[in-house]
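One structure is given here, and the rest of the page talks about it.
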């Protein structure tokens, strides 16, 4: 069945990202224990009363309650998707500004506590190559067959609301019960009788953690921050993030950093904090020449407000992104990264320690000595270090004064290479269609044999990501016969980035098929005189037509 | 490739609208995205063999199987989808499920006029889809449709039980059910037997008394009891009307080795359920190992031991020997396989706007009938001889 409206939904969502623009409400929010400020509440309830009550009912309650709306908790992305669905499917007319106000109000008042998003943050962070795994096969088949399980796990509802959701699903997508893994069972009966009670138990509306989180004072996040990240194809990066409060949980952000290869990372933008800890920023970075790259940040702030962790990724090509962690300067001493985090025994190299309130005494562990301090400030230390030839392979906790929390690994030789991710999916795109390419980014992870001297055993020692030469091969005989290597795209030999081919039927292919295929991704790494290879699998497939903020 | 065709179509739309403004029938919205009908009033010729298929933007094509060409093209009201078709026993009226699975129309093929229209929804707040599940009585006087209704309440949806709606085919353009009966869920393809019983392919293949609503399992599928066989997987949305009055549905399954319950060593098999609509005789039979997927399959009217299947290849099996005899490569996927009445030619429809014609014996490609317009989607191709 075709539901062309969904693609409109995608477009709409793409055009108005969560953190786009600023809506001034005129009240500060930090330190306030209430879930949403009075001014925000007043404004949002007024928007609801004037926009939503054609269908929803205001219920007899103090504070105000609305049918359906007041009986669910969701992430900011979840609320955005709900309101966007009301626009697309139910004719809701609402300005972007009012919608932002509602997302903010609902996320603050009916969000998820930090503990409740743990384990599912990959969906908000747009890590679409995550392989999900759930204890309940029934949950995986009944819910996570069509969309991510995380989309479900990031909602809280009472049984009655989960029941409404089941009716909505089958009413909106009546073909779903005819699909594989539905048509083999009484899907509707199972959904109502088994899944509703299970979901109400696992993801209930009321929870202790949410109750506690509502009572918790929420920290202001303005200040100077040190950050460290790791970008596939570029490597380690670190720098400063300057966050300035604009009031109402909104911030101005400036980032100045540097990649390991010396190239700069420089950008600025704005951020909003939802639910007291959900940091969402839209930033524009200077690229090569006049090129600008728009990136988003999806972070969680720690309860104390001195750490931000998550992922920063390109707005259009969200497959391109980096793990990111930041620590507030002048807070508790902390070391967030050692870059690079490995050194070969018997060699000398420059390493950078990134953190906050770094002291003077540096300890790199046994067998590793500082030869020279190249640069030092409270948040960064650049050192020339040497690992003794006979130093024992293994990880060492690094401390600088009272700051700790990162490690340095000494290795003698690389004995195996893994391709990360080992299995991934990329998608064709572009070519005049509505969906951009979804490319793939690979890294070569070096490992040393452990004490047993054999690679691939439990005592192997992870060294870290190392430079590699990249190429792709046909994964199997079928891929070879269909010339997948030629048609599916191109691998950049030095960066490990695979750019997919164009979308649409290709008359040059057997049966005019799309540029889909099955590839073996091979990384070649040199270490001393030896050459090692590792491989992974890349499926290049067709577009993801339905691509809302939560997959 | 599709895009290019559509841009050409759009250029012609204005012209099509002008033509339809003059010829369009009353009581329905116009097919505003459509082309003009072609040979609208060219009547069918008695004794000639034809085929109907539907395609985008929203049309019904009659193909002349004597010279394998497009005989006429009728514009359909409202919007296309899925374009599932059933031919009436009068061999003149085609019934099409369209308008996003929500309406069934009867079309007089002699003049492209819509003579019957039933909206599946029975009340204003209901949204009702029929998932391919409709057919006519053996005498053509009644039309049966399994309906999946959802009540669109103010702030929530409520999925309703499925029902069989029975229509009098002479009810005209605002047809209402003359009776409704509770129906099992998951029904797709349906056909009616000579004895009046309605065969409904769902979790099992049921046979329903269309007057009382009583039904029983005619051919067990999900609940079959075949020693060593796992539950089969069945999805058929193409209720192809065959020259031999056979209602054929493919299944895939696995058969464990004797004394084993290991899927890794099991035989993976293709098979078919068959109901002969004349005699009511049923069959459940494996016809070969699974080496590829077929969306539809049909037996030769010349030799009931020959099974054809199609999706990415056109394949031919010897049923008794459970052996693939021959396979033809295709230029692209085709969903719906039909055969002409003497069993000499195979017609492949669905996807794109090409109906591929193959020699049923040699599997040599004989011709391609290119339809005006676009993709056929999951239309049902139906072959018939005009009375």
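Would you mind stating whether residue B:366 is more than 22 Å from the chain's Cα centre (by Cα), in a strand (DSSP E or B) and surrounded by fewer than 17 Cβ atoms within 10 Å (Cβ to Cβ)? It is true that residue B:366 is more than 22 Å from the chain's Cα centre (by Cα), in a strand (DSSP E or B) and surrounded by fewer than 17 Cβ atoms within 10 Å (Cβ to Cβ).
Out of curiosity, is residue A:85 in contact (Cβ under 8 Å) with a residue 40 or more places away in the chain, under 26 Å from the mean Cα position of the chain (by Cα) and either within 14 Å of chain B (Cβ to nearest Cβ) or over 17 Å from residue A:104 (Cα atoms) (or both)? Judged against the criteria, residue A:85 is a match. Being assigned to a loop (DSSP other than H, G, I, E, B) and buried (at least 16 other Cβ atoms within 10 Å of the Cβ) holds for only one residue in A:359, A:365, A:355, and it is A:365. Would you call residue A:419 under 30 Å from residue A:315 (Cα atoms) and in contact with a helix residue (DSSP H, G or I) (Cβ under 6 Å, 6 or more places away or on another chain)? Spelling it out, it is not the case that residue A:419 is under 30 Å from residue A:315 (Cα atoms) and in contact with a helix residue (DSSP H, G or I) (Cβ under 6 Å, 6 or more places away or on another chain).
Condition first: surrounded by fewer than 17 Cβ atoms within 10 Å (Cβ to Cβ) and either in contact with a strand residue (DSSP E or B) (Cβ under 6 Å, 6 or more places away or on another chain) or within 30 Å of residue A:84 (Cβ to Cβ) (or both). Now tell me which residues in the stretch A:496-530 satisfy that. Within the stretch A:496-530, A:499, A:502, A:524 meet the criteria.
Looking at the stretch B:133-201, the strands (runs of 3 or more DSSP E) lying wholly inside it that each contain 3 or more residues that are within 11 Å of chain A (Cβ to nearest Cβ) sit at B:142-152, B:157-159. Taken over the stretch A:381-394, the criterion of being more than 22 Å from residue A:356 (Cα to Cα) and under 34 Å from the mean Cα position of the chain (by Cα) is satisfied by A:393, A:394. Residues that are surrounded by 15 or more Cβ atoms within 10 Å (Cβ to Cβ) and farther than 19 Å from residue A:187 by Cβ within the stretch B:206-216 comprise B:207, B:208, B:210, B:213, B:215, listed in sequence order. All of A:521, A:540 fail the test of being touching a residue at least 12 places away in the same chain (Cβ under 8 Å), part of a strand (DSSP E or B) and within 18 Å of residue A:437 (Cα to Cα), apart from A:540.
Exactly one residue out of A:456, A:464 is outside any strand (DSSP E or B) and on the phi > 0 side of the Ramachandran plot: that is A:456. Among the candidates A:406, A:378, the residue that is outside the structural domain of residue A:307 (by TED's automatic domain parsing), part of a loop (DSSP other than H, G, I, E, B) and within 34 Å of the chain's Cα centre (by Cα) is uniquely A:378.
Scan the stretch B:64-80 and tell me whether some residue there is within 14 Å of chain A (Cβ to nearest Cβ) and buried (at least 18 other Cβ atoms within 10 Å of the Cβ). Looking for residues that are within 14 Å of chain A (Cβ to nearest Cβ) and buried (at least 18 other Cβ atoms within 10 Å of the Cβ), one finds at least one in the stretch B:64-80, hence yes. Summed over the stretch B:316-331, residues that are surrounded by fewer than 16 Cβ atoms within 10 Å (Cβ to Cβ) and either farther than 18 Å from residue B:291 by Cβ or more than 14 Å from chain A (Cβ to nearest Cβ) (or both) total 6.
Criterion applied to A:493, A:468 was being surrounded by fewer than 19 Cβ atoms within 10 Å (Cβ to Cβ), out of contact with any helix residue (DSSP H, G or I) (no Cβ under 6 Å at 6 or more places or on another chain) and away from chain B (no Cβ under 14 Å), and the one residue passing it is A:493. With respect to the conditions (1) within 14 Å of chain A (Cβ to nearest Cβ); (2) assigned to a loop (DSSP other than H, G, I, E, B); (3) under 30 Å from residue A:51 (Cβ atoms), residue B:124 falls short on a single one, namely (1). Checked against the criterion of being without any contact (Cβ under 8 Å) to a residue 24 or more places away in the chain and surrounded by 14 or more Cβ atoms within 10 Å (Cβ to Cβ), the candidates B:267, B:262, B:246 yield just one match: B:267.
The values are calculated or read from the model by the stated rules, or taken from the named source; none is laboratory data. Predicted model, so just to flag it, every value in this text is computed and none were measured. Methodologically, a virtual Cβ is constructed for each residue, glycine included, from the backbone with ideal geometry; neighbour enumeration extends over all protein chains shown.
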